[in-house]
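Here is the structure we will look at.
Just so it is clear, none of the values below were taken in a lab; they were calculated from the coordinates. Fair warning: this is a prediction, and the values are worked out from it, not measured in the lab. Using ideal geometry, Cβ is built from the backbone for each residue, glycine included, and neighbour counts are taken over all protein chains shown.
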Amino acid sequence: MKKIKDIKAWIDGYHEIENLVDELQLSFDFYKEELVTEEEVDRQYAATVEAIEALELRNMLRREEDKLGVVLKINSGAGGTESQDWAQMLMRMYLRYCERNGYKTSIANLLEGDEAGIKSCTINVEGDFAYGYLKSENGVHRLVRVSPYNAQGKRMTSFASVFVTPLVDDTIEVKIEPALLSWDTFRSGGAGGQNVNKVESGVRLRYQFTDPYTGEKEEILIENTETRDQPKNKENALRHLRSILYEKEMQHRLEEQAKVEAGKMKIEWGSQIRSYVFDDRRVKDHRTGFQTSDVNSVMDGDLDGFIKAYLMEFAAEEEAK
C-alpha cells in the first residue's frame, strides 16, 4: 500500500500539471477574445510554473532515504547565552517550516540554556520527503546581530550546528545487538506537573558501536524525555538509534552520496553553510550563493528558496557524474 501511495502521488502530480497547462492554454485563448485580462493570464501562468517546479524539485529526491522523516539535532556553539538564544531561534525556524509544510514534529530531547535559549534539542520530523528537503540544512549556521544581551549594544557573532539524519521507519531493517545496549533512567526536568521530577521517566541509552568497515569504536549516547511514559521513551530512543545506525551504514553503502558528502563543508566553526545577518537584512547560503533580504520570512520558516537552490545544484552534480 505504501508503494502504491508513492506511485499514485506521482500520477496525481502529473495530472495536476496537465490540467494547469490546459487551463493556461484556455486562458490565453480567452485573452485573445478579450474575455479575461492579462493579469488573470499572468496569475494562471505563475501557478502553472510553480506546480511544475515543485514536481521537478521532488523528482530530484530519488534516493531511498529521501522519502523518510528526519531526526534534526541543534547544538549551540561557543558563546554562552547568545549562542543558546540563536539555537532556540533555529529550533523555532524549523518547527515553523514543518508547520508550513504539514509535517508532524515532536521534541525528543531538550536541554535548556543557563539564562535563555537552549543548549541542544532533538526534533523528530515525520512526513513525505522530509529528509530529502531538510538534508540541505546539515552544517553550521552563523548569526550576526546587535545582541540584546550585550549592554554596549555591540554586534555579536554566534554559531549553532544542525545535524540531519533520516528517521528510519519499519520498512528498513537495522540490526541492533542487545548485548551492546545499556540503559539509565533519570527524572525529567521542567516546571509543573505531578509527574515531573518525581518519576524517572527520562531514559538514557548507551550503545557500544564498532564500525564494521574501519573497526573504530564509539559510544552512541541518546537521551529521550519526550513523554511521561518510560517504555514509550525507550521505544523512541531505540528508534533514534536505528536512525543513527542506518545513517552510518548509508554513508558506506552509497558511494555516490559519499562523493557528494566529501564536497560539502566540514561541520566546524569558521566553515558555516549559511549566514544570517540581521542588521544588513541578508541571509546567504555559502554553498549555492542563494540569498534573500527577507530575514523575517526566513526565521518564520520560509526556507524553500534555499532548499531548492541546494537541490538544483547538487542534483545537477550527481547527474553529471
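Which residue, LEU241, LEU55, LEU72, tops the fluctuation ranking in a GNM of the chain built on C-alpha contacts under 10 Å? Comparing LEU241, LEU55, LEU72 in a Gaussian network model of the chain, the most mobile one is LEU55. Dimensions of segment 57-111 along the principal axes, based on C-alpha atoms and rounded to the nearest Å, stand at 41, 21, 20, largest first.
Divide the volume of the convex hull around the Cα atoms of the chain by the residue count and you get 187 Å³ per residue. Taking each of LYS67/LYS284; LYS135/LYS232; LYS3/LYS104; LYS3/LYS232 in turn, the alpha-carbon distance tops 24 angstrom for LYS67/LYS284; LYS135/LYS232; LYS3/LYS232. Computed over the chain with a Gaussian network model linking Cα atoms closer than 10 Å, the most mobile of GLY153, GLY289, GLY77 is GLY153. Values of log10 I(q)/I(0) for segment 1-76 across q = 0.17, 0.26 Å⁻¹ run -0.76, -1.17, by the Debye formula with one identical scatterer at each alpha carbon and no solvent. Note on ASP114/ASN150: beta-carbon distance plugged into 1/(1 + (r/R0)^6) with R0 of 25 Å gives a FRET efficiency of 0.95.
In terms of the mean number of neighbouring beta-carbon atoms within 10 Å, the peptides 300-306, 112-118 order highest first as 300-306, 112-118.
When the Gaussian network model of the chain links Cα atoms closer than 10 Å, the mean-square fluctuations of GLU82, GLU39, GLU50 top out at GLU39.
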